[in-house]
Amino acid sequence: MQDSLKSSSYQQLEQKSKYTNMFLRWFLYFILILFASYFIFPLYVMVVTSLKTMEEIRQGTLLSWPSGLNLESWAVAWGGRGYGAGDTFLRPYFWNSIKMVVPAVFFSTFIGAMTGYVLTKWRFKGDQWVFLFLLFGCFIPFQAILLPMARTLGVLGISNSVVGLVLVHTVYGIPFTTLFFRNYYVSVPTELVKAARIDGAGFFKIFFKILLPISAPIIVVTIIWQFTQIWNDFLFGSTFSFGEAAPIQVALNNMVLSSTSVKEYNVDMASAIIAGIPTLIVYVLAGKYFIRGLTSGAVKG
Amino acid sequence: MKTLKIEELSKNFGSTEVLRKINLEIDEGNFLVLLGPSGCGKSTLLNIIAGLETINEGNVFIDDYNVSKVEPKDRNIAMVFQSYALYPSMNVRENMIFGLKQAKTSKEKIEEQLEKVSKFLQVDQLLERKPSQLSGGQRQRVAIGRALVREPRIFLFDEPLSNLDAKLRVEMRREIKKLHQQLKTTVVYVTHDQTEAMSLGTRIAIMNHGVIQQNDTPENIYNKPSNTFVADFIGSPSMNLIKGTLKETSGEISFTASGSNVEIPIKDYEFKDKSNLNNKEIYFGIRPEHIYFKKSNEIDFEINLRANLSEYIGHEQIITFDYANQEILAKFPSTIKIELAKETKLFFDITQISLFDAKTDERI
């Protein structure tokens, strides 16, 4: 008697938990979809607007679908209308940004890897202090270094040039990249370095042959971080460069703000998307190589 | 000529003294085990021999040549690490020949060495694999192989077995022993495991607080520990140290535990110094395995003790007895039935005892 009572109550409980689970699952999807649309919405508006003509924009709503695949505003944003003075378009500035971001990401990542390597595998007296000061560099706001940096660039004779911006971004990036690599190399057993030293490898050989080949995950992280920071930077670009040497974000700003007559929303949107595409590409490409635990095999027993 | 000689070596990290005036000599072909609890400085000593740590004072000689300031690669040594330290990005072949390549060895010589060693260690089927694709035992072999191809004068092992599981550890221990028997290369081996030390070493140096406590053969370490630290460190369970005093009456020496009136006669004990033994405060050391349930020879000393606790561990049992309010442990085969809370007749093997000065903790 008691057994059957028990089993029926278990069945009830089972049923109840099934419904609860189902409800929670639907609730979860609802929330996820809500947030996803919240984030995708601005992008949707941008893409849709960039494909419309000005006529459509004036007549339709923000959300309305474009009449066709109208790429004219993209062409204007990228290459201009072809008349002389006052025509701002992104192409030259896009290449400025590429010329700035590639060396800046490369140098800051490389120097960060080196510093991280030294701070973890070639410890010296006072190395914690060096690390502490580098860490401090992460917390200095951009604005605080504008004036001293402008002066430095002036003295070096590279103000208002892509080279100058490369220097600024490299220097400003080192604290972050060092932090990344240092934290990664801390988990790499120092015995690897000892073994290599006994095998006769020197400082650079150990770095290039032993440590760098297992650093892929952190290199990817650093590249993503640095690329995004430098590509999206507006403050340094607008402060240390103007006119032809400006990076794309500055040009984008000039384009959008300097329109004399009508606001061309479609061109503005197309420009903004163009300025954002490289970062997206880096995320998509690099994300693939985001593999963890390459060293785990050598460490654990 | 000594293969390795360490002279008055001291090392500190900042204000902490890690090694204090270490003197050590190893003859060609010996297997020296540095044994001690963690933090005793044994790994630091090994790193100093390898040249991975600098020296504050003293010198290291390899083949009578002062290598104190010589780079690790030029010391003619090879080292096997606890974490194996195989280069993760290289396959087994590249791992093993990395050192030879650095030393600009000719291609033919490298191939020859690689073939010889990989066959010898049975890793010749694994040459193209990455370390992450190997099992623990295989990694260990490759790590040893990487050391072997260089044909060093001295092998250094830094706790090479502590990352392996219990079964594999015993297997690899035997393999290392075989390896040493075949190659007869001088070995310095660091471990905190006394079984490993006892079974592998031809000599054992026991360290504590940066000082070598005893450097001797395994037999002497076990039978004639030079102080209470060594006596306590070696053996499981460790040696019973019973506090008490010696008495000398007309040439006959006996021991009385404090709080007891039983006199244990001391016969055939090799005292270092026979003077001033009367009324000396000492520790009477006897190993749990030298307390018998049945009388085994004439000299055995009969005593009645009360059993308090029994720990069964399969093939044997460890019984805790009360001896004048001092706990002493004894080890018996588990076939023997011992009743707790009762007086039991036991026999101390007087030929196997060690006596230590209670003030200095040194063997007398």
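Restricting the first member to the stretch A:120-142 and to residues that are under 20 Å from A:S187 (Cβ atoms), and the second to residues that are of a type in the set (K, R) and in a helix (DSSP H, G or I), the beta-carbon pairs closer than 9 Å and six or more apart or on different chains are A:T120/A:R182; A:F131/A:R182; A:L134/A:R182.
The listed residues are B:N261, B:N220, B:N163, and the only one of them that is in contact (Cβ under 8 Å) with a residue 60 or more places away in the chain and either surrounded by fewer than 19 Cβ atoms within 10 Å (Cβ to Cβ) or assigned to a strand (DSSP E or B) (or both) turns out to be B:N163.
Just one of (1) modelled with pLDDT under 90; (2) of a type in the set (G, A, S); (3) under 30 Å from B:K104 (Cβ atoms) fails for A:S238. It is (3).
Here A:G200 passes the criteria (1) outside any helix (DSSP H, G or I); (2) at pLDDT below 90 except the one numbered (2). Cβ-Cβ distances below 7 Å connect the following pairs, each with a first residue in the stretch B:6-31 that is more than 15 Å from B:I48 (Cβ to Cβ), a second residue that is among the hydrophobic types (A, V, I, L, M, F, W, C), and a separation of six or more residues or different chains: B:F31/B:V187; B:F31/B:L200.
Out of all the residues in the stretch B:330-346, which are crowded, with 19+ Cβ neighbours inside 10 Å and under 22 Å from B:E263 (Cα atoms)? Matches in the stretch B:330-346: B:A330, B:L346.
Taken as a whole, the structure leaves A:P66 outside the set of residues that are modelled with pLDDT of 90 or more and of a type outside the set (S, T, Y).
Residues in the stretch B:91-103 that are surrounded by fewer than 21 Cβ atoms within 10 Å (Cβ to Cβ) and part of a helix (DSSP H, G or I) were compared, and the one that is farthest from the other protein chains (Cβ to nearest Cβ) is B:R93. In the set (1) surrounded by 19 or more Cβ atoms within 10 Å (Cβ to Cβ); (2) out of contact with any Lys or Arg (no Cβ under 6 Å at 6 or more places or on another chain), B:D268 fails one condition alone, (1).
Taking the criterion of being touching a residue at least 12 places away in the same chain (Cβ under 8 Å), in a loop (DSSP other than H, G, I, E, B) and either within 12 Å of chain A (Cβ to nearest Cβ) or of a type outside the set (D, E) (or both), the residues of the stretch B:117-150 that qualify are B:L121, B:Q122, B:V123, B:L126, B:L127, B:R129, B:K130, B:L134, B:V149, B:R150.
Suppose we keep only residues that are of a type in the set (S, T, N, Q) and more than 27 Å from B:L52 (Cα to Cα) within the stretch A:147-194. Which one would you say is surrounded by the most Cβ atoms within 10 Å (Cβ to Cβ)?
Among those residues, the one meeting the criterion is A:T177.
For the stretch B:277-300, taking the residues that are among the acidic types (D, E) and under 24 Å from B:K247 (Cα atoms), the one that is surrounded by the most Cβ atoms within 10 Å (Cβ to Cβ) is identified as B:D300. Here the condition is being of a type in the set (A, V, I, L, M), modelled with pLDDT under 90 and under 25 Å from the mean Cα position of the chain (by Cα); of A:I98, A:I140, it holds for A:I140 alone.
In the condition set (1) outside any helix (DSSP H, G or I); (2) crowded, with 20+ Cβ neighbours inside 10 Å; (3) within 14 Å of another protein chain (Cβ to nearest Cβ), B:V60 is compliant with all but (3). When A:I223, A:I206 are checked against the criterion of being within 13 Å of chain B (Cβ to nearest Cβ) and assigned to a helix (DSSP H, G or I), A:I206 stands alone in meeting it.
The criterion of being at pLDDT below 90 and within 10 Å of chain A (Cβ to nearest Cβ) holds for B:S162. Does B:E53 satisfy the condition of being more than 15 Å from A:G200 (Cα to Cα), surrounded by fewer than 20 Cβ atoms within 10 Å (Cβ to Cβ), within 13 Å of chain A (Cβ to nearest Cβ) and in contact with a helix residue (DSSP H, G or I) (Cβ under 9 Å, 6 or more places away or on another chain)? So B:E53 passes the test. Among the residues making up the stretch A:161-189, a single one is part of a loop (DSSP other than H, G, I, E, B) and in contact with a Leu (Cβ under 8 Å, 6 or more places away or on another chain): A:V188. Among the residues making up the stretch B:1-57, those that are in a loop (DSSP other than H, G, I, E, B) and either under 20 Å from A:F124 (Cα atoms) or of a type in the set (F, W, Y) (or both) are B:G14, B:S15, B:G51, B:L52, B:E53, B:T54, B:I55, B:N56. From the list B:I303, B:I318, B:I328, the one residue that fits, being under 18 Å from B:F356 (Cβ atoms), modelled with pLDDT of 90 or more and not polar (S, T, N, Q), is B:I328. Summed over the stretch A:195-228, residues that are among the polar types (S, T, N, Q) and surrounded by fewer than 19 Cβ atoms within 10 Å (Cβ to Cβ) total 1.
Would you say A:L153 is within 24 Å of the chain's Cα centre (by Cα), in a helix (DSSP H, G or I) and not charged (D, E, K, R)? So A:L153 fails the test.
Within the stretch B:71-90, at least one residue is facing another protein chain (nearest Cβ under 9 Å) and basic (K, R).
Being within 30 Å of B:N47 (Cα to Cα), within 14 Å of chain B (Cβ to nearest Cβ) and touching a Phe, Trp or Tyr at 6+ places or on another chain (Cβ under 9 Å) is true of A:Y185.
The values are calculated or read from the model by the stated rules, or taken from the named source; none is laboratory data. Only a predicted model underlies this, so the values are computations on that prediction, with no experimental measurement involved. Every residue, glycine as well, gets a Cβ built from its backbone with ideal geometry; the counts of neighbours run over all protein chains shown.
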